[in-house]
Amino acid sequence: MMARPGLGILGSGKGSNCRAILESIAKRVLRAEARIGISDVPDSGILHVAREFDVTAAYLPPGKFRTKLAAEAEIELGQILRDAGVDWVVLAGWMRVLKEPMLQAFPHRILNIHPSLLPKFPGLEAWKQALAAGETITGCTVHYVDAGVDSGEIIAQREVPILPDDTPETLHARIQIAERELYPTAIRQVCA
Ligand code: GAR
């Protein structure tokens, strides 16, 4: 039998996408093995989620920048992932742009989920951008990570309607429901 692809899940937040992926693996819907969960935020929810599912959890000190990793930290990240036997890097609420060290270490092997229908509204708090633009439909996108910001090849998308009385919070919560369905399915599609 073929070995199951090894996933490394990276995130900075509460970890609801990570939980959906780990549940999908536990239910054997997603045939993969989560090898490690890594966060640039100490004590973040995603690290707790990883431990809850008996997945190794690691905090990576990010260095002095706000939007990217320090060069040494990014090289260390690649090493940690390789040492853990990771084949696919899955960004699940990871809020730093990845640069050459990671893109070269995992070419066409890094996936991201973004809370808009890309190419619309890349960058931070995409649901607020969609609301401010007066859109009636937004959604979420799974895509390959390249050197740009949320610009890589699109793998899958799911639409979410914007309701007249939506606030940023209600809209993001509905997008997240769609994310939790879309991401494990998309990972399954590319890792197969
Ligand atoms: C998700 O909505 C994800 O799409 C977004 O962060 C949230 C993380 O939630 N990611 C980005 O905005 C990346 N540009 P989670 O920690 O509950 O999975």
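The values are calculated or read from the model by the stated rules, or taken from the named source; none is laboratory data. Since the structure is predicted, the reported quantities are computational estimates derived from the model, not experimental observations. So basically every Cβ, Gly included, is an ideal-geometry build from the backbone, and we count neighbours across all protein chains shown. Surface areas here come from the heavy atoms of the whole protein model, side chains and all, with no ligands, DNA or RNA. Shrake-Rupley method; radii C 1.70, N 1.55, O 1.52, S 1.80 Å.
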- Can you name every residue in segment 1-14 that is within 16 Å of the ligand (Cβ to nearest atom) and either open to solvent by less than 10 Å² (accessible area, probe 1.4 Å) or not small (G, A, S) (or both)? L7, G8, I9, L10, G11, K14
- Message: Among (1) within 26 Å of G6 (Cβ to Cβ); (2) modelled with pLDDT of 95 or more, there is one condition C191 misses while meeting the rest; what is its number?
- Response: (2)
- Inside segment 158-192, can you point out the residues that are surrounded by fewer than 18 Cβ atoms within 10 Å (Cβ to Cβ) and either of a type in the set (S, T, Y) or within 23 Å of P107 (Cα to Cα) (or both)? T167, T170, T185, R188, Q189, V190, A192
- Go through (1) loosely packed, with under 15 Cβ neighbours inside 10 Å; (2) away from the ligand (no atom under 16 Å from the Cβ); (3) within 18 Å of the chain's Cα centre (by Cα) one by one and return the number of the condition A70 breaks. (3)
- Task: Check whether at least one residue in segment 136-146 is open to solvent by 10 Å² or more (accessible area, probe 1.4 Å) and without any contact (Cβ under 8 Å) to a residue 12 or more places away in the chain, and report yes or no.
- Result: no
- Message: Here is a list: G148, G134, G152. Which entry is at positive phi and of a type in the set (G, A, S)?
- Response: G134
- So Q129 fits all but one of (1) in a helix (DSSP H, G or I); (2) in contact (Cβ under 8 Å) with a residue 24 or more places away in the chain; what number is the exception? (2)
- Query: List the pairs whose first member sits in segment 69-82 and is more than 17 Å from A57 (Cβ to Cβ), whose second member is in a helix (DSSP H, G or I), and whose Cβ atoms are under 6 Å apart, counting only residues at least 6 apart or on separate chains?
  - Reply: E74/P101; E74/M102; I75/P101; G78/P101; G78/M102; G78/A105
- Answer yes or no: is there a residue in segment 155-172 that is acidic (D, E), over 17 Å from A92 (Cβ atoms) and in a strand (DSSP E or B). yes
- Task: Could you tell me whether segment 108-126 includes any residue that is open to solvent by 30 Å² or more (accessible area, probe 1.4 Å), outside any loop (DSSP other than H, G, I, E, B), within 10 Å of the ligand (Cβ to nearest atom) and at negative phi?
- Result: no
